[in-house]
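Reading through the structure tokens given below for one structure.
The values are calculated or read from the model by the stated rules, or taken from the named source; none is laboratory data. On a predicted model such as this, the values are computed, not experimentally measured, just so you know. Positions of Cβ are backbone-derived with ideal geometry, glycine not excepted, and every protein chain shown enters the neighbour counts.
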Amino acid sequence: MKKLLLSLMTISSLSLFSQQLISFEPSEGYVTGDLNGQVGWTTTGIGPGTFVTNQVVSNDVATDGVNSLKIVKETAFSGQQNPVVGGFKSLGETIAHNDFTISFDIRLTEQGNNASAFEFQTVGDTPAGSGYIIRLRFTETGSILAAQTVGGAASFATTSGQWVPNTWYRVKIVGSASGLSYYLDNTRILTGAFFQEYAFTDMRFVHDNYAGNGYMDRIAINNEAALATGNLLSTISKITVYPNPTSDYLNFSGKVFSAQIFDAAGRTVSSSKVSNGQVNVTNLAKGVYIVKFETENGTQTEKFIKK
């Protein structure tokens, strides 16, 4: 009986471990600033034990809570031939290339000849050493490409997806026995061949170190169910806050139960129930803040200015 219970406990813990949701929030152990060393993340190395410092947890914009991952040009390097500058995360487990679902929100700020190309990558062990398993590229012209191998020849296939600057997109990649399927805002943009058919243990959000910023949030690894509440907001009219800027009260256009206010450093400066559809911000110093509020359909965040 003891062996059976131990076996069940082990299976249960493995099942929980294989599901991850990363939103870069303080509740997950993140703080605003340099990403390197936070919750198992590293950044691009510039020497033994030395890493770039401009890939950060940021509260500029977010789709869940107040923070997101921000990857930007690094002054330590010139432009690169391939996307190699950014954030790297060990998943703490081995994920089969033909049995997974990974999704994330992404928002890029710039297109053009001088803009960066951004990539989501997974990496695993291959007979030749560490190698790419998935490469999904957001080009500087707005197209979205996926690496695949057909008949022994590796190339980037052009998907039907397109992106425009300063717009959040939900990306989902599904690995199955038939290949890799890629989705943009729940629309399938490509079902293609595998790039390399090996398990992976790491993921990366990187760019080739030209102009423009990339933001990533709500990374889900085999954990789509956890996003159900958050996705509901995308199909329901969002609540707005006004006036913005404000000097005394912040009003809500719909039913809100409670609100937390965070300063530019991600620190909580106010937390209270919402009375008569508004919160009093008179005592806040002048500056930029983020309000996170609870509605009938989940949480929502908005940025506002106290004048």
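Being within 23 Å of Thr44 (Cβ to Cβ), assigned to a strand (DSSP E or B) and more than 14 Å from the chain's Cα centre (by Cα) is the requirement here; does Phe156 meet it?
yes
Residue check: is Ser130 surrounded by fewer than 21 Cβ atoms within 10 Å (Cβ to Cβ), closer than 25 Å to Gln20 by Cα and in contact (Cβ under 8 Å) with a residue 24 or more places away in the chain?
When the stated conditions are applied, Ser130 does not pass them.
Right, Tyr215: buried (at least 17 other Cβ atoms within 10 Å of the Cβ), over 19 Å from Asp105 (Cα atoms) and not hydrophobic (A, V, I, L, M, F, W, C) or not? Break it down stepwise before answering.
Working: buried (at least 17 other Cβ atoms within 10 Å of the Cβ): yes; over 19 Å from Asp105 (Cα atoms): no; not hydrophobic (A, V, I, L, M, F, W, C): yes.
Spelling it out, it is not the case that Tyr215 is buried (at least 17 other Cβ atoms within 10 Å of the Cβ), over 19 Å from Asp105 (Cα atoms) and not hydrophobic (A, V, I, L, M, F, W, C).
Considering every residue within the range 80-89, establish whether at least one is crowded, with 18+ Cβ neighbours inside 10 Å, more than 13 Å from the chain's Cα centre (by Cα), outside any helix (DSSP H, G or I) and at pLDDT 90 or above.
Yes, some residue in the range 80-89 is crowded, with 18+ Cβ neighbours inside 10 Å, more than 13 Å from the chain's Cα centre (by Cα), outside any helix (DSSP H, G or I) and at pLDDT 90 or above.
Tell me which residues, restricted to the range 258-279, are without any contact (Cβ under 8 Å) to a residue 60 or more places away in the chain and exposed (fewer than 13 other Cβ atoms within 10 Å of the Cβ).
Within the range 258-279, Arg267, Thr268, Ser271, Ser272, Lys273, Ser275, Asn276 qualify.
Let me spell it out: the conditions are (1) within 23 Å of Gly179 (Cα to Cα); (2) β-branched (Val, Ile, Thr); (3) within 18 Å of the chain's Cα centre (by Cα); (4) at pLDDT below 95, and Val123 meets all of them except one. Which number is the exception?
(4)
Before we move on, is Lys286 more than 20 Å from Asp60 (Cα to Cα), surrounded by fewer than 16 Cβ atoms within 10 Å (Cβ to Cβ) and at pLDDT 85 or above?
In short, no.
Would you check if Phe77 is under 15 Å from the mean Cα position of the chain (by Cα) and of a type in the set (A, V, I, L, M, F, W, C)?
When the stated conditions are applied, Phe77 does not pass them.
Could you list, ordered by first residue, the pairs with Cβ atoms under 6 Å in which the first is in the range 232-257 and over 14 Å from Asn276 (Cβ atoms) and the second is at pLDDT below 80 and part of a loop (DSSP other than H, G, I, E, B), at least 6 apart or interchain?
Leu232/Asn297; Leu233/Asn297; Ile236/Asn297
Which condition number in (1) under 26 Å from the mean Cα position of the chain (by Cα); (2) part of a strand (DSSP E or B) is the one that Val279 fails?
Val279 satisfies all of (1) under 26 Å from the mean Cα position of the chain (by Cα); (2) part of a strand (DSSP E or B) except (1).
List pairs: first residue in the range 40-66 and on the phi > 0 side of the Ramachandran plot, second residue assigned to a loop (DSSP other than H, G, I, E, B) and modelled with pLDDT of 90 or more anywhere in the structure, Cβ distance under 7 angstrom, at least six positions apart or on different chains.
The qualifying pairs are Gly65/Ser23; Gly65/Glu25.
Since Ile133 meets every condition but one in (1) in a loop (DSSP other than H, G, I, E, B); (2) within 14 Å of Phe195 (Cβ to Cβ), which condition does it not meet?
In the conditions (1) in a loop (DSSP other than H, G, I, E, B); (2) within 14 Å of Phe195 (Cβ to Cβ), Ile133 misses (1) alone.
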